[in-house]
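Mind looking over this structure? Questions follow.
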Amino acid sequence: MSTATLPRTRPKGRDNPSPAGAAPKRRRTGWWLLLAPILVFDVVLFLTPLGKLVASSFADNAYQRVLEDPLVVRSLVNTLTISLASTLVTVALGYVIAVVLCNAGNVMRVVLFAVVLLPFWTGILVKNFAWAVLLQDNGIINAFLRGIGLTDAPVELLHNRFAVIVGMVHCLLPYAVFPIFSSLTSIDDRLGLAARSLGATEASVFRRITLPLSAPGVSAAGLLVFIISTGFFITPVVMGGPGDMMIANQIDYYARQLTDFSGAAALAVVLTVMVSILVAVYQRVLKAGGQHEDN
Amino acid sequence: MSTSVISAHQKPQAKPAGQGAIELRQVRKSYGDVVAVDQLDLTVQPGEFVTLLGPSGSGKTTTMMMVAGFEDHTSGSVLIDGKPVDTLPPRDRNLGVVFQNYALFPHMSALENVEFALRMRKVPRTERRQRAVDALDRVGLGKMGDRKPRQLSGGQQQRVALARALVFNPAALLLDEPMAALDKRLREQMQEEIKTLQKSLGISVLFVTHDQDEAMAMSDRIVVMRDGKIVQSGAPDDVYNHPLTDWVASFLGDTNLIPCTVVERTGDEAVVDLGGLGRARVRDRGAQGENYAVSIRPEHLKFSSAAVAGNGCAAKLVTSTNLGATVRHRLTAGGHDLQLRELSSDSAARFAPEGEVWVRWDADKAQLLVLES
């Protein structure tokens, strides 16, 4: 740590007192004491249980057992595909909202911010059940579809993958909107003006200027949303069908139904490692892409 | 010191003669009740360098933005080469724009920045590259094409912005305070380079600045703006030496304003009563107002060895300050504070402080003007 070099540099400072008469430096021997509370907290309440969990995952051949379970493999695949789909939809939708936010007038901006932030402050259970009410067979959306004569029988909108993704996107949207919004607002308006004066159409301005310059916000949003979505638990239960269980549901099943704690621990470790590898690959790809932004 | 980097002798771009006229007819811009630009008439002749000079809020930048097409005017008409462009989007106006902060695309190299306009015009790749390299060469940055804007100095960024605005042979160049971010020495160098480049290309320029020195140094014609209106326009030395109002006189530099009453006006000249300083014959441009004054630039007041009848008076020397190249003398005469500036090489220590002196001025360097304030 850089602070550790302080005692060595201090005597030198004394030999050459600054002419301005700077205040003498305080001794900083006790600096690590300030870190003590959070260190104790972290070690006792986070690192120790995490270590125990990892240790217990190696008991009883747990890895082999869970990875041979076809349901586990199924839910791992579900987790990846549902998370990927939710991330793509969330980032695309978030980008549109962020662009609208950027161009909105003051009143409109406040209203839109409230709309985007509201799901942020609402419990996930409430949001998912609200969607369930909307999407069910005799819900508002089906009633509307029947009303305009588009369909006779109710369209199945709930308890399938579509519903899971709808519920997840609703929860994830704020995490995408804000990084993208902040990268959009940091783009100098005059770049767009300059591009237009040089002959660019609105579409070219977006493709050549806005999109590449907001890429950091998009990639940050994608990463954040993907990591959060891999841990979804309630939404597949409330809105999904039996084929939409994700890895978090499987961990719950192992821990509470099978009381197989080493299996549950092994699943948690598998999920963490998998997501870590994906994140590392993602960042490697982004870095390589950043080397040559233009074709 | 440093030689001009922009070479003037390179072959000018092929460009039909007589192009690049900009005309504004009765152009007005209002935001609700606030009038930013009021019934403006302005013409930039092909090849002419016209400066819009005014303080912030005078409407000069708004005027430029309306020519570029970034702002819609409330009424009136903008014409480029005789054709109305009021409904044309900026991309179809064929004008090169250089912004105050250059607005270079940070994610593109200098070369890609310059290429951008050609890419938008679907110029084939090899020709595009060649023309961009030529344009960078012309501003002395031929070897810097690979650099990103953040790897370039302020002066180099400015040159890239110029090359980018010129590479597609625009009808005219619009410059919005392009040198505000540069230090004084570099600014003076860039002024000369831009002027040289403009002359060699024969391109019309509409230049926006609040810096009167810059306007004086570069313009064929200065258009002084205040509160959305043109208050005076003309050749730089004409506007400087013959201001119509005390505001223009003060905005363009230091001046001595002596309130007066008009005795007689005869076309180009007038006889005025300067109160305690007696009568004098001065230049007159027919400006009408309630109160009048005579403006004499400090460098046009001269010490005189003897009393001069008419354009001269007795004065008392108060202080003399050596400013390096020039010496500034403060005087009082007939109850007025006067300022006299002369080259330090001309200024011998011939006057004792608090001494009685004579000053005089040439009749054509004293301008009758309207006192607004």
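The values are calculated or read from the model by the stated rules, or taken from the named source; none is laboratory data. Since the model is a prediction, treat every value here as computed from it, not as a measurement. As a convention, Cβ positions derive from the backbone with ideal geometry for all residues, glycine included, and neighbour counts pool all protein chains shown. Ligands, DNA and RNA are excluded from the accessible area calculation, which covers all protein heavy atoms including side chains. Shrake-Rupley method; radii C 1.70, N 1.55, O 1.52, S 1.80 Å.
Skipping prolines and chain starts, which residues have an amide H placed within reach, meaning under 5 Å, of the one on B:Val98, given they are 5 or more residues away or on another chain?
Distant-sequence amide H within range of B:Val98: B:Leu174, B:Leu175, B:Asp176.
I would also like to ask the following. Taking Cα atoms, how many degrees apart are the long axis of helix B:154-166 and the longest axis of chain B, rounded to 10 and kept between 0 and 90?
That works out to roughly 70 degrees.
Also, quick follow-up: Between helix B:110-120 and chain B, what is the angle of the helix's C-alpha long axis to the longest principal axis, kept within 0 to 90° and rounded to the nearest 10?
70 degrees
Next question, about the same structure. Where does the longest stretch of chain A lie that holds no trypsin sites (Lys or Arg not before Pro) found in a DSSP loop with 10 or fewer other Cβ atoms within 10 Å?
With trypsin sites (Lys or Arg not before Pro) excluded where exposed in loops, chain A gives A:28-295 as its longest stretch.
Could I ask something else about it? Report, as an integer, the average count of C-beta atoms from other chains found within 10 Å of each Cβ along A:206-215.
Going residue by residue through A:206-215 and averaging, the value is 2.
Please label the shape of chain A as rounded, prolate or oblate, based on the square roots a ≥ b ≥ c of the eigenvalues of the alpha-carbon gyration tensor (a/c under 1.5 means rounded; beyond that, a/b larger than b/c means prolate, else oblate).
oblate
³J(HN,Hα) across the range A:111-118 via Karplus (A = 6.51, B = -1.76, C = 1.60, θ = phi - 60°), whole Hz, x for Gly/Pro?
With coefficients 6.51, -1.76 and 1.60, one gets 4, 5, 4, 4, 5, 6, 7, 3 Hz.
Further question on the same structure: Spin-label point model (7 Å from Cα, Cβ direction): what's the A:Asp60 to B:Arg265 distance in nm?
10.8 nm
List the aspartates and glutamates whose Cα sits under 17 Å from the Cα of B:Lys148, skipping any in the same chain fewer than 8 residues away.
Reachable aspartates and glutamates: A:Asp188, A:Glu293, A:Asp294, B:Glu112, B:Glu115, B:Asp137.
Using a 10 angstrom cutoff on alpha carbons, build the Gaussian network for chain A and name the most mobile of A:Met245, A:Met168, A:Met108.
Maximum among the listed residues: A:Met108.
Exceeding 23 Å between C-alpha atoms, which entries from my cross-link table qualify? They are B:Lys302/B:Lys365; B:Lys29/B:Lys60; B:Lys195/B:Lys365; B:Lys29/B:Lys229.
B:Lys195/B:Lys365
If you don't mind, another one. Whose amide H sits under 5 Å from the amide H of B:Ala36, counting only residues 5 or more places off or on another chain, with H placed in the peptide plane?
Amide H to amide H, under 5 Å and 5 or more residues apart or across chains, B:Ala36 pairs with B:Lys29, B:Ser30, B:Tyr31.
Using θ = phi - 60° and the Karplus form 6.51 cos²θ - 1.76 cosθ + 1.60, what ³J(HN,Hα) does each residue of the range A:77-94 get, whole Hz, x for Gly and Pro?
Per-residue couplings from phi come out as 4, 4, 4, 5, 5, 5, 5, 5, 5, 4, 5, 4, 5, 5, 5, 4, 5, x Hz.
For B:His336, enumerate residues with amide H under 5 Å from its amide H, sequence gap 5+ or separate chain, H modeled in the peptide plane.
none
Ok, one more. Quick one: longest stretch of chain B between exposed loop trypsin sites (Lys or Arg not before Pro), exposed meaning at most 11 other C-beta atoms within 10 Å and loop per DSSP?
No qualifying site falls inside B:123-349, the longest such stretch.
Per-residue Cβ counts within 10 Å, from other chains only, averaged over B:96-108: what number is that?
5
Can you compute the FRET efficiency between B:Ser373 and A:Trp32 using 1/(1 + (r/R0)^6), with r the Cβ-Cβ distance and R0 = 60 Å? Round to the nearest 0.05.
0.35
Between the range B:16-50 and the range A:98-172, what's the alpha-carbon centroid distance in Å?
Cα centres, the range B:16-50 to the range A:98-172: 51 Å.
Which of the three applies to the range B:22-240, rounded, prolate or oblate, going by the alpha-carbon gyration tensor with a ≥ b ≥ c and a/c under 1.5 meaning rounded?
Prolate, since a/c reaches 1.5 and a/b exceeds b/c.
Just to be sure I understand the model, the point goes 7 Å from the Cα along the line to the Cβ. What's the resulting B:Leu186 to B:Leu323 distance in nm?
According to this spin-label approximation, the distance is 2.6 nm.
In whole angstrom, how long is each semi-axis of the equivalent ellipsoid of chain B, when you take the square root of 5 times every eigenvalue of its Cα gyration tensor and sort them from largest down?
Equivalent ellipsoid semi-axes, largest first: 45, 25, 16 Å.
Let me ask something additional. Starting from the range B:159-205, pick out the GluC sites (Glu not before Pro) whose DSSP state is loop and whose Cβ has at most 14 other Cβ atoms within 10 Å.
Qualifying residues, ordered by number: none.
Now for a different question. Which whole-angstrom value gives the distance between the alpha carbon centres of the range A:225-295 and the range A:48-97?
What the calculation gives is 3 Å, centre to centre.
Now, a different point. Counting only protein heavy atoms, what percent of the accessible surface of the protein assembly as shown is carbon or sulfur at a 1.4 Å probe?
Heavy-atom surface of the protein assembly as shown belonging to carbon and sulfur, 1.4 Å probe: 59 percent.
With just the Cα atoms defining each centre, how far is the range B:229-292 from the range B:137-151? Give it in Å.
About 49 Å separates the Cα centre of the range B:229-292 from the one of the range B:137-151.
With a point put 7 Å past each Cα toward its Cβ, work out how far A:Ala114 is from B:Gln130 in nm, to one decimal.
In this crude label model, A:Ala114 to B:Gln130 measures out at 6.2 nm.
Let me ask you something else. Out of every Cα-Cα pair in the range B:245-371, what percent are more than 19 Å apart?
In whole percent, the share of Cα-Cα pairs in the range B:245-371 beyond 19 Å is 46.
Quick one: work out Rg over Rh on the C-alpha atoms of the protein assembly as shown, Rh as Kirkwood radius.
Rounded to two decimals, Rg over Rh is 1.14.
Can you figure out the FRET efficiency of A:Leu53 with B:Asp227, using R₀ = 45 Å and their beta-carbon distance, to the nearest 0.05?
Efficiency computed from Cβ-Cβ geometry: 0.05.
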